[in-house]
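The values are calculated or read from the model by the stated rules, or taken from the named source; none is laboratory data. Keep in mind the model is a prediction, meaning the values are calculated, not measured. Cβ placement follows ideal geometry from the backbone for every residue including glycine, while neighbour counts extend to all protein chains displayed.
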């Protein structure tokens with residue numbers, strides 16, 4: 001029987017030897033449209049959530065613990081793009097906004113297969129690499145006056161490998177890969193909204209919200 005200290009050290013190396021890779025299911029969006037020429041930009045409330053489950057699944061569970069990370073990723077995209085006059089994550093400010101932009105992520109994957117591979121990897125001390133693929137759907141929606149005016153979905157995935165074979169690829173951390181996947185999904189959603197003219201801009205001061 002192996003000493004506890006050796007087992008602990010081996011497992012520490014194994015768990016640290018992981019690499020994650022984006023699925024690249026969406027074309028890379030390097031830059032969002034330039035709206036700097038407009039004098040009037042929309043004010044938006046961003047409804048940002050992550051659910052465990054598939055879109056339109058009544059049993060999908062919201063994962064509140066990831067909200068700070070989601071906001072960190074989304075904030076960087078929104079600040080860098082300058083698409084909006086202002087934005088907030090406070091849903092109680094919808095009455096002061098021109099639009100509500102809903103960005104709802106759904107996470108699902110091959111949990112059964114991943115569990116089996118994890119068992120094999122653990123008991124062979126990382127010689128057999130284990131893989132777990134998380135699939136993501138972003139359901140992006142634009143709402144105005146409590147009415148949905150646009151809905152679009154995009155999909156991507158993230159595969160994480162665990163095993164000593166992946167020690168050289170440890171620069172591809174799960175955090176880095178997740179940032180890349182979520183950032184590109186948000187950019188793709190915003191880019192599509194603007195290309196389809198679902199968000200209004202004006203060259204002169206003009207009310208962008210239609211009051212009913």
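Please give the number of the condition residue 15 fails out of (1) under 19 Å from residue 177 (Cβ atoms); (2) modelled with pLDDT of 85 or more.
All conditions pass for residue 15, except number (2).
Considering segment 66-84 alone, what residues qualify as being loosely packed, with under 13 Cβ neighbours inside 10 Å and either more than 14 Å from residue 180 (Cα to Cα) or touching a residue at least 24 places away in the same chain (Cβ under 8 Å) (or both)?
Hits for segment 66-84 are 68, 79, 80, 82.
Mind counting the residues in segment 88-99 that are over 18 Å from the mean Cα position of the chain (by Cα) and within 23 Å of residue 39 (Cα to Cα)?
Summing the residues that are over 18 Å from the mean Cα position of the chain (by Cα) and within 23 Å of residue 39 (Cα to Cα) in segment 88-99 gives 7.
Is it true that residue 156 is modelled with pLDDT of 85 or more, assigned to a helix (DSSP H, G or I) and touching a helix residue (DSSP H, G or I) at 6+ places or on another chain (Cβ under 9 Å)?
Taking the combined requirement at face value, the residue does not satisfy it.
What number of residues within segment 20-55 satisfy the criterion of being touching a strand residue (DSSP E or B) at 6+ places or on another chain (Cβ under 7 Å) and closer than 16 Å to residue 156 by Cα? Spell out the reasoning first.
Within segment 20-55, the subset touching a strand residue (DSSP E or B) at 6+ places or on another chain (Cβ under 7 Å) is 20-23, 25-26, 38-40, 42-55.
Going one step further and asking which of them are closer than 16 Å to residue 156 by Cα, we end up with 20-23, 25-26, 50-55.
The number of residues fulfilling the criteria is 12.
Within segment 56-65, can one find any residue that is under 16 Å from residue 154 (Cα atoms), surrounded by fewer than 18 Cβ atoms within 10 Å (Cβ to Cβ) and modelled with pLDDT under 95?
Taking every residue of segment 56-65 in turn, at least one turns out to be under 16 Å from residue 154 (Cα atoms), surrounded by fewer than 18 Cβ atoms within 10 Å (Cβ to Cβ) and modelled with pLDDT under 95.
Go through (1) under 17 Å from residue 141 (Cβ atoms); (2) part of a helix (DSSP H, G or I) for residue 71 and report which single condition fails.
For residue 71, the failing item is (1).
Determine, yes or no, whether residue 199 is touching a strand residue (DSSP E or B) at 6+ places or on another chain (Cβ under 8 Å), at pLDDT below 95 and farther than 19 Å from residue 21 by Cα.
yes
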